[in-house]
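To keep things clear, I will list the structure first and then write my remarks on it.
Where a number appears in this text, it was derived from the coordinates with a stated rule and is not lab data. None of the values given here were measured: they were computed from a predicted structure. Ideal geometry is used to build each Cβ from the backbone, glycine not excepted, and the neighbour counts take in all protein chains shown.
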Amino acid sequence: MKERGILFSAPMVRALLAGTKTQTRRVLKPGGDYRLDLVAPADGGPSRCPFGAPGDRLWVRETWACNPYDDALWYRATDQLPDKAEYGPLKWRPSIFMPRAASRITLVITGVRVERLQDITRGDAMAEGCPFVNMARGEDPRVWYEHLWCDLNGADSWRANPWVWVVEFRRA
């Protein structure tokens with residue numbers, strides 16, 4: 001079992017904490033040494049997915065701050081931020097610089113596959129953390145996911161329809 005850090009935005013961290021996010025999609029980098037036939041091997045052997053294989057763990061990296069007075073950790077995705085009068089202004093640090101010890105969320109990979117971005121199903125869009133429960137039966141949650149994807153990856157990124165890693169997980 002391996003552990004790797006993985007970046008999530010504040011809305012996606014809130015979805016993880018709420019239990020509504022159980023999948024993430026990440027673009028396959030061009031020119032990578034991928035063996036797609038090893039993505040989900042039946043024998044449980046190694047995967048070439050850079051995020052890991054079933055059973056591996058991902059620790060969530062998010063925007064955070066450390067109070068210099070008492071070493072308390074604060075997370076931007078958390079709605080209850082400290083009183084500035086008591087703690088002073090916090091120096092927020094980007095998620096990329098979060099050390100393992102500061103991470104509060106650990107995920108266990110339950111599945112890995114590869115697909116085209118636009119092949120996402122309604123159920124998978126909901127598993128990506130769609131905050132609108134009524135979309136499960138009504139409006140198409142894939143439209144919500146398309147907007148989220150473009151916000152995170154650029155205006156034309158959905159239209160490009162890249163190959164993506166689909167990483168399924170549960171909270172540890």
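On the basis of the beta-carbon distance and an R0 of 25 Å, Val143 and Arg170 show a calculated FRET efficiency of 0.40. For the pair Asp156 and Tyr69, label points projected 7 Å from Cα toward Cβ lie 5.0 nm apart. Projecting label points 7 angstrom from Cα along Cα→Cβ for Asp119 and Arg4 puts them 2.0 nm apart.
Per the Debye formula on identical point scatterers at the alpha carbon atoms of segment 108-158, with no solvent, log10 I(q)/I(0) at q = 0.23, 0.26 Å⁻¹ is -0.91, -1.05. The fewest-to-most ranking of Thr63, Thr110, Thr20 by surrounding Cβ atoms within 10 Å reads Thr110, Thr20, Thr63. Once both labels are positioned 7 Å from their Cα atoms along Cα-to-Cβ, the gap between Val108 and Ile96 label points is 3.2 nm.
The residues Asp71, Asp56, when put in order of fewest to most other Cβ atoms within 10 Å, stand as Asp71, Asp56.
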